[in-house]
Amino acid sequence: MSTIRCDIVSAEAEIFHGEAVMVVATGELGELGITPRHAPLITRLKPGHIDVVLQGGERQQFYVSGGILEVQPQVVTVLADTAVRAADLDEAAAQRAKKEAEDALASRTDAVEVAEAQAKLAQALAQLQALERLRKNLKH
Amino acid sequence: MASGREIKTKIKSTQNMRKVTRALEMVSASKIRKAQDLMKASRPYARAMRKVIAHVAQASTDFSHPFLIERTDIARVGFVVVSTDRGLCGGLNSNLFRRLLPVIREYQDKGVQVDVVAIGQKAVQFFRRLKGVNLIGSATHLGERPKVEQLIGVIKVVLDAYIEGKLDRVFLAYNDFVNTMTQKPSIDALLPLPAVAAELEAQHISGAALEQSHDWDYIYEPDAATVLEHVLGRYIESVVYQGVLENLASEHAARMVAMKSASDNATKVIGELTLSYNKARQAAITQEISEIVGGAAAV
């Protein structure tokens, strides 16, 4: 089976580097499934999960808080603002962040603060979703 | 010959100096590790970013962002100069400035105006005094853990000036950290991007060259303007940030080496002073004895 090189880097570290059969990411306009020889594409990423399907069907899951995805026929590059392996996500922290963001949204009126809180809420929700997906995957 | 007491004071003050330089050396030695970790951690991102940008510069897009267009007549160039906040780091800053000055003079001889954005106290002081150079922005006191947010202000100054056509070319000058003993003053092209891509090609950065040679363009989501603006902004931030981190590691390395040689020199001076102190003491004793003997003989 043909493969595509996949690099996931965040500002703090190199997260993943290797050959993949398929990469699934959450782009600004929706989910993207990238297989080898995909047409060149560049997009912003929404907070969400990135699934890397390795040769042999093994899946690796990552969470990104946003960033840039670049696709070339032979290589996928993810420039994440922050990225973590989904397994490293802390559910309690994500829940807390979600609650805090919701409280902030309810109590604040300033446009900038609201936008900030919304961004935080979106991140927290995406983290929780990534965890949910990871859990489902483990059960199978 | 100086008297014993005078030499003794000199020895004392040199010893105190050595204490200070030793302490500074030790402080830098511990800080350099942290700075190096920080620098290494963000290198993969910067590298991946440069690769993406090299690709973007090669795409034949209909959308023309000012960053992607090379201007033919250059009236004004900008330099983003990264320096240290504090001194006592050997020739680190002066080497960078010395490397930079001929480049600036060359542009000035061609009638090109030069603007400078200074990062770090030392660059601010230097370029404020330099004639014929405009200081258009500065950022100082970034601390031991510089954050990208601290740099956004000065970066915006440069980008806005470039977009408005006030700058036709932008360079980044900083000290590249090679290893503890070597720091290389570097001047990299920052804008426009074709200049960057040419530089990358010259350096044979792996992966920068694409296999496809025919005209191609990206699929942009949602559209070219939004995506490119975002990507290019991020790219400039990442390059400047990386420059700042490299310079920080260079600063600690240079200070460590400079302070080590200062301590060694102090040790040498103390040795010499001690020798002449002992000589003076012995001479005084000898003289006293011969005076006593001479006095006794006279009686």
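The values are calculated or read from the model by the stated rules, or taken from the named source; none is laboratory data. Computed from a predicted structure; not experimentally measured. Cβ coordinates were reconstructed from backbone atoms using ideal geometry, including for glycine residues, and neighbour counts include every protein chain displayed. What goes into the accessible areas is simple: the full protein's heavy atoms, side chains included, and nothing from ligands, DNA or RNA. Shrake-Rupley method; radii C 1.70, N 1.55, O 1.52, S 1.80 Å.
Results, tabulated for the structure shown:
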{"item": "Label-point separation in nm, B:Ala297 to B:Arg33, each point 7 Å along Cα→Cβ", "result": "6.7 nm"}
{"item": "Rounded tilt (10° steps) of B:92-109 against the dominant C-alpha axis of chain B", "result": "50 degrees"}
{"item": "Acute angle (nearest 10 degrees) that the helix B:193-203 long axis makes with the longest principal axis of chain B, alpha-carbon atoms", "result": "60 degrees"}
{"item": "5 angstrom amide H check on B:Leu167, placed H, neighbours 5+ away", "result": "B:Tyr162"}
{"item": "Most mobile of B:Ala253, B:Ala189, B:Ala41 in a GNM of chain B (Cα contacts under 10 Å)", "result": "B:Ala41"}
{"item": "Cα-only radius of gyration and Dmax that characterise segment B:227-296, units Å", "result": "30.1, 103"}
{"item": "Amide H within-cut-off set for A:Gly66, under 5 Å, with H built and near neighbours excluded", "result": "A:Gly48, A:Asp81, A:Thr82"}
{"item": "Most to least packed among B:79-85, A:33-39 [average Cβ atoms within 10 Å]", "result": "B:79-85, A:33-39"}
{"item": "Helix axis angle, B:148-163 relative to chain B longest principal axis, alpha carbon, degrees", "result": "50 degrees"}
{"item": "Segment A:1-102: relative contact order in percent, alpha carbon pairs under 8 Å with at least 6 residues between", "result": "27 percent"}
{"item": "Alpha-carbon Rg/Rh ratio, for chain B, with Rh computed the Kirkwood way", "result": "1.23"}
{"item": "Residue-by-residue Karplus 3J(HN,Hα) for segment B:27-43, coefficients 6.51, -1.76, 1.60, Hz, glycine and proline x", "result": "4, 5, 4, 7, 6, 5, 5, 5, 4, 5, 4, 4, 5, 5, 5, 9, 5"}
{"item": "Cβ-based charge dipole, chain B, positive-most Cα from B:Leu151, B:Ser94, B:Ala48", "result": "B:Ser94"}
{"item": "B:Lys10 accessible area, assembled protein chains, probe 1.4 Å, Å²", "result": "120 Å²"}
{"item": "Per-residue ³J(HN,Hα) for segment B:286-291, Karplus 6.51 cos²θ - 1.76 cosθ + 1.60, θ = phi - 60°, Hz, x for Gly and Pro", "result": "4, 4, 4, 4, 5, 5"}
{"item": "Options B:Gln183, B:Tyr218, B:Gly111, ranked by Cα towards positive dipole end of chain B, top entry (Cβ charges)", "result": "B:Gln183"}
{"item": "The protein assembly as shown: radius of gyration over Cα atoms, expressed as a fraction of 2.2 N^0.38 Å", "result": "1.34"}
{"item": "Area of B:His141 that stays accessible when all protein chains are in place (1.4 Å probe, Å², to 10)", "result": "120 Å²"}
{"item": "Given charges at Cβ of Lys, Arg, Asp, Glu: the protein assembly as shown dipole, positive-most of B:Val240, B:Leu130, A:Ala101", "result": "B:Leu130"}
{"item": "Distance between modelled label sites at B:Ser261 and A:Gln118, nm, 7 Å Cα→Cβ extension", "result": "5.8 nm"}
{"item": "Helical mean residue ellipticity (222 nm; -39500 (n - 2.57) per DSSP H run of 4+; nearest 500) of chain B", "result": "-22500 deg cm²/dmol"}
{"item": "Too-long pairs where the Cα-Cα distance tops 31 Å, listed order kept, from A:Lys120/B:Lys156; B:Lys51/B:Lys156; B:Lys31/B:Lys268; B:Lys110/B:Lys156; A:Lys98/B:Lys40; B:Lys131/B:Lys156", "result": "A:Lys98/B:Lys40"}
{"item": "Euclidean distance between Cα centres, segment B:25-90 to segment B:140-183, Å", "result": "7 Å"}
{"item": "Cα gyration tensor shape of segment A:29-124, rounded if a/c is under 1.5, else prolate or oblate by comparing a/b with b/c", "result": "oblate"}
{"item": "Where labels lie 7 Å past Cα in the beta-carbon direction, separation of B:Glu70 and A:Gln95 in nm", "result": "5.8 nm"}
{"item": "³J(HN,Hα) computed for each position of segment B:254-263 - Karplus, 6.51 cos²θ - 1.76 cosθ + 1.60, integer Hz, glycine/proline x", "result": "5, 5, 4, 5, 4, 6, 5, 5, 5, 5"}
